[in-house]
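K.L.:
A single structure is presented below for examination.
The values are calculated or read from the model by the stated rules, or taken from the named source; none is laboratory data. None of the values given here were measured: they were computed from a predicted structure. Virtual Cβ from ideal backbone geometry, glycine too; neighbours counted across all protein chains shown. Please note that ligands, DNA and RNA were not included when accessible areas were found on the heavy atoms of the full protein model with its side chains. Shrake-Rupley method; radii C 1.70, N 1.55, O 1.52, S 1.80 Å.
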Amino acid sequence: MKNVKLLFIILMSFLFIGAGMAQGVVKGVLKDAQTGETLIGATVLVKGTNVGVTTNLDGSFSLKVPSEKNTLQFSYVGYESKEMMVTVSNGSTKDLGNVTMKPSSIGLAEVNVLASIAVDRETPVAVSTVQPAIIEEKLGSQEFPEILKTTPSVYATKGGGGYGDSRINLRGFSSNNIGVLINGVPVNDMENGKVYWSNWAGLSDVTQIIQVQRGLGASKLALSSVGGTINILTKTTDVQQGGSVYSGIGNDGLHKFMFTLSTGLMDNGWAITLSGARTYGNGYVNGTDFDAYSYFFNVSKQINKDQRVSFTIFGAPQWHNQRGNQHLIKTYLGQNDAIPYPVQSEYRYNSDYGYRDGKVYGGAYGYNVYHKPQASLNHFWQINDKTIWTTAVYASIATGGGRRVDGTGSQMLNWDYKLDQPYSSTKLTPEGYYDYNAVMDINKASLNGSQAIIGMSINSHQWYGVLSTLNTKVNDINVTAGIDGRYYIGKHAKQVDDLLGGSFFIDNSDINRAAYTPLKKGDYYSYYNDGIVRWIGAFLQGEYVKNNFSAFLSGSISSKAYNRKDYFQYTPGNQYSGWVNFMPWSVKAGANYNLTTHHNIYVNGGYFTRAPYFNVVYPNFTNDINNNAKYERVFSTEFGYGYTSSKLNVRFGLYRTMWLDKGLTINLGSVRSNISGLDALHQGAELTATYKPFQKLFLTGMFSLGDWRWKNNVSFDAYDDNNVYQGTYNAYLKNIHVGNSAQTTAAISAQMEVVENLKAGIDFTYYGRNYAEFDPSYRTDPADVSDAWMMPNVGLIDLNADYKFKIGNFRATLYANVNNLFNTAYIADATDGATHDAGSALVWYGFGRTWYFGLKIKF
């Protein structure tokens with residue numbers, strides 16, 4: 001009888017709740033209070049109940065509520081939670097219109113101005129935005145660029161597999177042709193435009209949002225954005241008091257610990273946030289153990305209602321062992337007869353290390369240590385209701401470098417990458433590891449000093465800059481103007497690190513040092529020079545936004561100057577090359593028209609010149625100036641269409657980029673090839689779609705098809721690892737496909753709330769038409785018109801899940817990730833060989849199955 005009564009009570013309760021919820025409807029659209037962007041997938045909940053919905057793809061929501069006073073709770077990762085009282089009468093519908101939510105970080109508005117964040121259906125560029133929730137749920141143990149792998153025309157790999165050695169290509173362009181901004185500040189190397197992700201390996205711990213703008217992008221700065229722009233916004237200072245702790249574990253001994261503390265905005269206007277993390281492990285690839293830290297500190301002060309200042313410093317000091325050499329496929333499979341030992345772990349094989357004192361010790365190109373902190377002081381001033389002035393003064397002082405082996409006997413601890421085998425003099429243990437003890441015995445017995453030493457290739461720098469932007473409204477036009485000043489000194493040298501048992505080392509590269517001077521640890525050898533870059537730029541943009549139409553026109557002009565100081569090849573007083581000046585400029589324009597509430601079209605185009613890179617101006621590693629160095633020229637156009645509704649979003653675009661007089665440096669083994677005057681054509685189509693068939697399920701997909709080719713034949717200069725000239729050659733590259741960037745990509749993802757507080761996701765990514773990178777030395781025959789070898793197509797599946805729960809009064813989330821679920825063996829990177837086929841290509845395999853678990857507790 002008791003059971004019957006209990007069942008009756010439960011049934012009546014459900015009926016009562018159902019009747020109550022059916023009595024009224026509340027609807028609206030949830031938007032970012034600062035940018036006006038719609039917030040997709042945010043939670044709208046009736047307080048004190050489990051009655052709620054998530055916002056649709058256009059930010060809209062519709063929720064049935066009891067016909068009485070209700071408190072609605074709005075929540076979204078990265079934003080302040082919000083509550084709103086609403087009263088709905090029986091059978092009626094209450095439209096709240098636009099409901100805005102503020103980011104949970106103080107000062108994000110001014111960073112958005114500096115970083116030129118694009119707004120969907122307003123800014124006429126192809127854009128993909130990765131929200132904080134996606135970063136938390138899907139990154140796991142992946143490298144930072146890999147979070148973007150479901151973005152059209154993006155190809156991201158782990159490179160050699162060492163910690164932070166990942167790379168990313170966008171529309172076929174490598175990182176030195178992608179503008180990378182962190183909080184609006186450019187971080188591409190001032191000499192060669194590259195971005196070394198190992199310098200920013202801890203950045204994922206403090207990232208608030210990532211936005212990829214493909215093509216010309218919305219940035220007003222003169223950037224290296226031939227392929228696009230990656231905007232990374234870090235945390236600033238949290239609005240609310242609190243913090244979090246995090247612990248994670250993964251395959252191959254991976255451990256991660258992290259904490260965040262924040263005072264919130266205090267009554268005196270001050271706010272402080274501090275984060276720190278440590279990540280260490282053995283590495284998936286043999287001999288790639290690592291230890292990395294990251295830190296983030298921000299303090300801000302609200303001076304008055306119109307002005308705020310903030311100071312931010314973050315960095316990621318790390319060391320990691322690396323895999324420097326690619327190998328033939330048959331080497332990984334244990335079928336290379338030239339290797340006199342059994343290959344370890346097949347696709348994880350690494351030839352570039354040994355053991356010292358029982359610990360892994362990377363050889364040449366097998367170890368890296370670096371620390372690149374960045375500090376900035378930002379001032380935000382709301383001058384009046386139409387005018388905002390934002391200024392950032394920043395500095396970065398970086399130290400570190402990579403391991404090298406040098407000396408007359410350097411081949412004892414080096415690998416012949418061309419033949420993919422040890423040199424005849426290479427010292428190896430029976431297991432195939434570098435035999436450091438054998439080399440030390442030789443050095444000890446030498447009367448002429450060490451025959452082989454461990455050196456460090458130092459690439460440190462000092463970088464100072466200021467970026468100031470004034471935004472005002474003149475009639476219906478938003479006008480943005482600003483200056484961008486930078487000063488950079490890059491230190492390049494080799495430094496003795498370990499004499500390997502010898503008493504001294506002889507190197508006569510320094511004309512200012514007595515010949516045959518015995519060198520000890522800490523002494524410089526081989527080369528020592530500074531690359532100095534001075535930059536001052538101005539930019540101006542007018543943007544018109546009214547009703548359904550928006551358009552912009554922007555231009556920039558810069559003065560970029562190079563100087564070179566060589567401490568070894570010139571005497572004091574004659575060590576500077578003198579300034580070499582360039583004046584690159586850019587102009588771009590675009591327009592967007594919202595045909596209806598669902599359909600929009602956009603078009604953009606631009607032309608810009610770029611100063612040749614440092615090594616093109618100084619091609620032979622001396623102070624001799626190349627007076628024929630040309631500006632690189634880029635012309636790009638794009639057309640796009642968008643469809644937006646509550647259930648389905650679709651974006652489609654066509655692009656064409658012509659690139660003339662490109663400078664390119666290719667490092668293969670110990671040989672560096674400097675190429676200039678290279679032309680390329682990149683064109684293609686991109687499609688993205690998001691579908692929400694019902695309340696708990698999100699489906700996303702993308703497809704991109706590119707045609708990226710080199711368009712002419714050129715000459716190149718080859719140098720060895722000590723910058724010694726090897727010769728000038730012709731390279732026949734016309735119509736060869738651009739390499740190491742899949743020209744066909746696709747992805748399908750599903751994310752679903754399985755039960756309350758438990759979400760699970762699956763991603764399928766596909767890479768096709770992925771050509772090997774050309775080796776200039778194999779392109780010197782004019783009769784050889786073969787295309788580069790095309791790697792096998794591959795499809796990979798990743799899984800992710802997270803579960804939210806309470807531990808007492810603390811909020812906790814458990815994360816789980818599995819990447820490459822089916823342990824698929826695939827080639828991720830390749831260099832074309834002499835016969836342009838699988839048998840001659842040197843490759844790196846991608847990672848097999850990896851896993852990761854993490855627990856985050858907020859307080």
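K.L.:
Exactly one condition in (1) within 15 Å of residue 560 (Cβ to Cβ); (2) touching a residue at least 60 places away in the same chain (Cβ under 8 Å); (3) buried (at least 22 other Cβ atoms within 10 Å of the Cβ) is not met by residue 590; state its number.
P.N.:
Going through (1) within 15 Å of residue 560 (Cβ to Cβ); (2) touching a residue at least 60 places away in the same chain (Cβ under 8 Å); (3) buried (at least 22 other Cβ atoms within 10 Å of the Cβ) one by one, residue 590 breaks only (1).
K.L.:
Continuing with this model, one more query. Out of all the residues in the range 377-396, which are touching a residue at least 12 places away in the same chain (Cβ under 8 Å) and either of a type in the set (S, T, N, Q) or not in a strand (DSSP E or B) (or both)?
P.N.:
Passing the criteria: 378, 382, 383, 386, 387, 390, 391, 396.
K.L.:
Among the residues of the range 407-449, which ones are at negative phi and small (Gly, Ala, Ser)?
P.N.:
Once the filter is applied, which keeps residues that are at negative phi and small (Gly, Ala, Ser), the range 407-449 yields 409, 410, 424, 425, 438, 445, 446.
K.L.:
Among the numbered criteria (1) over 23 Å from the mean Cα position of the chain (by Cα); (2) touching a residue at least 60 places away in the same chain (Cβ under 8 Å), which one does residue 374 miss?
P.N.:
Only one criterion in (1) over 23 Å from the mean Cα position of the chain (by Cα); (2) touching a residue at least 60 places away in the same chain (Cβ under 8 Å) is unmet by residue 374, namely (1).
K.L.:
Picking from 368, 321, 325, 298, which residue would you name as being out of contact with any Asp or Glu (no Cβ under 7 Å at 6 or more places or on another chain), surrounded by 20 or more Cβ atoms within 10 Å (Cβ to Cβ) and closer than 26 Å to residue 850 by Cβ?
P.N.:
Checking each option against the conditions leaves just 368.
K.L.:
Oh, and also: For the range 814-849, name all the residues that are among the hydroxyl-bearing types (Ser, Thr, Tyr) and surrounded by fewer than 20 Cβ atoms within 10 Å (Cβ to Cβ).
P.N.:
824, 826, 835, 840 - these are the residues of the range 814-849 that are among the hydroxyl-bearing types (Ser, Thr, Tyr) and surrounded by fewer than 20 Cβ atoms within 10 Å (Cβ to Cβ).
K.L.:
Is it the case that residue 545 is under 29 Å from residue 635 (Cβ atoms), open to solvent by 20 Å² or more (accessible area, probe 1.4 Å) and at pLDDT below 95?
P.N.:
For residue 545, the condition - under 29 Å from residue 635 (Cβ atoms), open to solvent by 20 Å² or more (accessible area, probe 1.4 Å) and at pLDDT below 95 - is met.
K.L.:
How about the range 612-712: which strands (runs of 3 or more DSSP E) wholly inside it have at least 2 residues that are open to solvent by less than 40 Å² (accessible area, probe 1.4 Å), at pLDDT 95 or above and in contact with a Leu (Cβ under 6 Å, 6 or more places away or on another chain)?
P.N.:
Those strands (runs of 3 or more DSSP E) span 671-694.
K.L.:
Hey, does the range 491-501 have a residue that's open to solvent by less than 50 Å² (accessible area, probe 1.4 Å), farther than 30 Å from residue 185 by Cβ, free of Cβ contacts under 8 Å to residues at least 40 places away in the same chain and not in a strand (DSSP E or B)?
P.N.:
No: zero hits.
K.L.:
Confirm whether residue 484 is of a type in the set (Asp, Glu) and surrounded by fewer than 18 Cβ atoms within 10 Å (Cβ to Cβ).
P.N.:
So residue 484 does not fit the description; no.
K.L.:
Now a separate question. Among the residues in the range 518-536, are any assigned to a strand (DSSP E or B), open to solvent by 20 Å² or more (accessible area, probe 1.4 Å), within 22 Å of residue 588 (Cβ to Cβ) and not polar (S, T, N, Q)?
P.N.:
Yes, the range 518-536 contains at least one residue that is assigned to a strand (DSSP E or B), open to solvent by 20 Å² or more (accessible area, probe 1.4 Å), within 22 Å of residue 588 (Cβ to Cβ) and not polar (S, T, N, Q).
K.L.:
Moving to a separate point now. Considering only the range 791-834, give the strands (runs of 3 or more DSSP E) lying wholly within it that have at least 1 residues that are among the polar types (S, T, N, Q) and more than 22 Å from residue 848 (Cβ to Cβ).
P.N.:
Ranges flagged: 810-819.
K.L.:
Identify all residues within the range 36-53 that are open to solvent by less than 40 Å² (accessible area, probe 1.4 Å) and in contact (Cβ under 8 Å) with a residue 60 or more places away in the chain; write none if there are none.
P.N.:
36, 39, 41, 53 - these are the residues of the range 36-53 that are open to solvent by less than 40 Å² (accessible area, probe 1.4 Å) and in contact (Cβ under 8 Å) with a residue 60 or more places away in the chain.
K.L.:
Quick one: would you say residue 462 is part of a strand (DSSP E or B), at pLDDT 95 or above and farther than 30 Å from residue 778 by Cα?
P.N.:
Criteria met by residue 462.
K.L.:
Right, another one. Report every pair of residues separated by at least 6 positions or lying on different chains whose Cβ atoms are under 7 Å apart, first residue within the range 249-269 and of a type in the set (Asp, Glu), second surrounded by 13 or more Cβ atoms within 10 Å (Cβ to Cβ).
P.N.:
Partner pairs satisfying both residue conditions: 252/281; 252/282; 252/283; 252/284.
K.L.:
Same structure, new question: I need the full set of residues from the range 222-242 which are under 26 Å from residue 297 (Cβ atoms) and not in a strand (DSSP E or B), in order please.
P.N.:
Residues satisfying the conditions are 235, 236, 239, 240, 241.
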